[in-house]
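This report refers to the structure that appears directly beneath it.
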Amino acid sequence: MKHSSLTITTPSDREVAFSRVFNAPRRLVFDAYTKCEYLKRWLGVIPDWSWDVCKIDLKVGGSYRYVWRNVSGTEMGMGGVYREIVTNERIVATEKFDESWYEGEALDTTTFVESEGKTTLTIVVKYGSKEIRDNVLESDAAGGMNAGFDNLEVLLASLVNVSK
């Protein structure tokens, strides 16, 4: 399945893989994915919502916490625990939304693969059941993911230009 430049596959009956190629070295993509100063510029950036909390303790056993707030004061929060980290290559972490529309938590495996100065960012999300995975596929998760990745592409272009 293709959504703009986002590729979506189903590696197993409980997993969805989101993948996109960025014109940036993987160290920059990894930084954009793991540092609040960059995350706030691309992840969950939608009209009428702003970042309220971004905390990252990037170590195995460490946690992350993100909270967005809309103009009426409603909050949306999520977080998880890091299970594996290989700098610039791989992150495995749990994911749970405060007001989750699916049961349990998910397990995200994020990889950063560089080839000829471009980085393929792939996030494989493993859910608790096939039904949850199928519900995610039927939702607009792909639209939200692609919108965030569009923002990430703009951010990375600015970082690549600065690092030259």
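The values are calculated or read from the model by the stated rules, or taken from the named source; none is laboratory data. None of the values given here were measured: they were computed from a predicted structure. Glycine gets a Cβ as well: all are built from the backbone with ideal geometry, and neighbour counts include every protein chain shown.
Identify all residues within segment 11-45 that are among the polar types (S, T, N, Q) and surrounded by fewer than 16 Cβ atoms within 10 Å (Cβ to Cβ); write none if there are none.
S12, N23
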If you check E153, E95, which single one turns out to be of a type in the set (D, E), at pLDDT 90 or above, touching a Leu at 6+ places or on another chain (Cβ under 9 Å) and buried (at least 16 other Cβ atoms within 10 Å of the Cβ)? E95
Scan segment 43-54 and tell me whether some residue there is assigned to a strand (DSSP E or B), polar (S, T, N, Q) and closer than 21 Å to F18 by Cβ. no
Which of the residues that make up segment 69-102 are among the charged types (D, E, K, R), out of contact with any Asp or Glu (no Cβ under 8 Å at 6 or more places or on another chain) and over 23 Å from R26 (Cα atoms)? E99
Looking at S4, S72, S100, which is the one that is modelled with pLDDT under 95, surrounded by fewer than 12 Cβ atoms within 10 Å (Cβ to Cβ) and of a type in the set (G, A, S)? S72
Exactly one of these conditions fails for E84: (1) touching a strand residue (DSSP E or B) at 6+ places or on another chain (Cβ under 6 Å); (2) touching a residue at least 60 places away in the same chain (Cβ under 8 Å). Give me its number. (2)
Could you grab me the full set of residues in segment 89-100 that are touching a residue at least 24 places away in the same chain (Cβ under 8 Å) and not acidic (D, E)? I91, A93
Every residue in segment 1-42 that is in a loop (DSSP other than H, G, I, E, B), small (G, A, S) and either touching a Cys at 6+ places or on another chain (Cβ under 8 Å) or closer than 19 Å to N88 by Cα (or both), please. A24
Criterion violated by V81 - all others in (1) modelled with pLDDT of 95 or more; (2) touching a helix residue (DSSP H, G or I) at 6+ places or on another chain (Cβ under 8 Å); (3) surrounded by 13 or more Cβ atoms within 10 Å (Cβ to Cβ); (4) over 17 Å from V154 (Cα atoms) satisfied: (2)
Hey, could you check segment 115-146 for residues that are charged (D, E, K, R) and free of Cβ contacts under 8 Å to residues at least 12 places away in the same chain and say which is surrounded by the fewest Cβ atoms within 10 Å (Cβ to Cβ)? E116
Scanning segment 84-137 for residues that are over 15 Å from V21 (Cα atoms), in a strand (DSSP E or B) and more than 16 Å from the chain's Cα centre (by Cα) gives V86
Looking at segment 48-57, is at least one residue buried (at least 16 other Cβ atoms within 10 Å of the Cβ), over 19 Å from E84 (Cα atoms) and touching a residue at least 40 places away in the same chain (Cβ under 8 Å)? no
